[in-house]
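The next block holds one structure in the form of structure tokens; read it before the comments.
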Amino acid sequence: MRLATIADLRRLSELRDEHCVSIIMPTTGVGAEYDKNRIRFKTLLGRAEKALEERGVSGKDSREILGQAQALEGERPFWKACTRGLAVYSAPGIFLTYRLPFETEERAEVGERFIIRPLIRLVAREDRYLLLALGLGDNRLFEATPHSIREIPAENLPRGISDTLRYDVFEKHLQGHATARATGSGARMTFHGHGSSKEVRRSQVRRYVTDVAEKISELLAEETAPLVVATLPHLLPDFRDACGYPHLAEESVEVDPGHMEIEELHRRSLESAKAVFGRELDRALERYGNSAAAAEATSDAGQVVLAASDGRVDTLLLDNEARIHGKHFPDRHEVEVHEEPDGDDTDLVDLAAMKTLLQGGRVLALPRERMPNREPIAAILRY
């Protein structure tokens with residue numbers, strides 16, 4: 001399981017292959033119910049296999065396309081960590097899975113494109129934020145919403161100060177001992193000064209924090225979600241100085257994260273995240289009002305979709321529950337909006353969100369009562 005990024009959204013939206021397998025399903029919570037998730041997935045996997053067979057795909061080729069998905073069905077620890085939904089994408093050379101913090105419909109389809117609507121919502125349509133728990137001996141990255149939190153594997157991120165200093169100069173000046181982590185696997189290291197000046201220790205800590213900040217900036221290069229940092233107060237200034245991530249939150253959580261349960265980290269960080277979201281929405285609505293007065297904003301659904309397709313949307317505002325049925329004709333530069341769904345209609349809200357994200361814009365979700373003109377979608381334009 002990995003962090004859902006705009007790079008993933010771009011890759012999946014652009015891929016064309018006649019054997020793109022999309023499995024989308026709701027999941028129940030952890031505990032005794034987890035096996036129901038695995039059984040449901042197995043059933044949907046069977047539907048995908050049948051769909052491939054109906055398309056004339058041989059058994060060997062089908063196993064190549066679905067091999068990793070079939071192996072996933074047997075990984076019981078995976079099914080014990082479910083949230084509210086799951087999206088699985090499989091094609092020749094591609095296998096990606098995403099836990100969804102929201103309920104979703106059940107689908108198992110094979111086609112020339114992946115069904116990426118859940119991924120669009122995951123990236124753009126939730127109050128989603130990132131949480132970095134930064135400690136000297138334990139360093140973790142999480143993806144969170146008001147309702148869920150999960151750790152994100154980050155292979156290039158230093159796990160602690162020893163990863164940065166490689167125990168060379170480090171061991172001469174600091175000695176460590178293992179203590180139990182509040183959560184997760186492995187041991188957490190607590191370090192004590194020994195035989196070195198405060199200046200040397202401070203230099204080593206600064207080097208480590210700078211390393212983390214630079215790696216985080218690289219890891220989140222195409223992200224737009226706010227990043228909240230939970231760390232000791234004396235580590236934060238160096239991190240802010242070195243971090244190039246443009247969506248680093250002003251708010252932070254001043255704690256030693258290595259001594260906190262994930263649930264407590266989530267609770268404490270949520271206070272900061274809500275402040276970030278509230279401030280972003282207030283600023284966006286103020287900008288919208290100013291831009292609308294200068295004819296540089298619109299709440300007309302068709303105009304929003306066309307502007308997003310042209311790369312002209314700076315900030316997209318949307319009602320998180322809204323769906324607008326219609327069709328986009330890029331060759332004619334036209335959009336049809338339908339009162340009722342019509343066969344192969346597109347959700348124009350999702351389409352506008354995807355186009356905005358892929359062209360460097362921001363997407364913010366608001367309750368309908370705060371939307372400009374009480375419309376389901378609106379945009380601040382670049383020009």
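So here's what we get for this one:
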| quantity | calculated |
| --- | --- |
| Label-reachable residues, segment 278-319, where backbone N falls under 15 Å from a point 7 Å from D345's Cα toward its Cβ | 301-302 |
| Length released on extending from D241 to N373, taking residue separation times 0.36 nm less the Cα-Cα span | 43.5 nm |
| Segment 324-367: GluC sites (Glu not before Pro) falling in loop per DSSP and having at most 16 other Cβ within 10 Å | E339 |
| C82 - accessible surface, heavy atoms, 1.4 Å probe, Å² rounded to 10 | 10 |
| Convex hull volume of segment 64-119 per residue (C-alpha atoms, cubic angstrom) | 86 |
| Over segment 267-383, volume per residue of the alpha carbon convex hull, in Å³ | 117 |
| Alpha-carbon Rg/Rh ratio, for the chain, with Rh computed the Kirkwood way | 1.01 |
| Residue of H234, H325, H19 that the Gaussian network model of the chain assigns the largest fluctuation, springs spanning Cα pairs under 10 Å | H234 |
| Structure-based [θ]222 nm, the chain - -39500 (n - 2.57) summed over DSSP H runs of at least 4, per residue, nearest 500 | -12000 deg cm²/dmol |
| Candidates N290, N139, N320: whichever shows maximal mean-square fluctuation once the chain is modelled as a Gaussian network with Cα springs under 10 Å | N290 |
| Relative contact order for the chain, counting Cα pairs under 8 Å that sit 6 or more residues apart, in percent | 14 |
| Debye intensity ratio I(q)/I(0), log10, segment 202-281, q values 0.10 Å⁻¹ (C-alpha model) | -0.24 |
| Highest-MSF residue in the chain out of L15, L358, L270 [GNM, Cα springs under 10 Å] | L15 |
| Amide H within-cut-off set for A230, under 5 Å, with H built and near neighbours excluded | L132, A133, L134, V253 |
| Mean Cα-pair separation over length for segment 292-383, i.e. relative contact order, pairs under 8 Å, 6 or more apart, % | 46 |
| Under-5 Å amide H pairs with V363, H placed in peptide plane, nonlocal only | L316 |
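The values are calculated or read from the model by the stated rules, or taken from the named source; none is laboratory data. Please read these numbers as outputs of a predicted model, since none were measured by experiment. Every residue, glycine among them, receives a Cβ derived from its backbone with ideal geometry; neighbour counts consider all protein chains shown. The accessibility values were calculated without ligands, DNA or RNA, using every heavy atom of the protein model including side chains. Shrake-Rupley method; radii C 1.70, N 1.55, O 1.52, S 1.80 Å.
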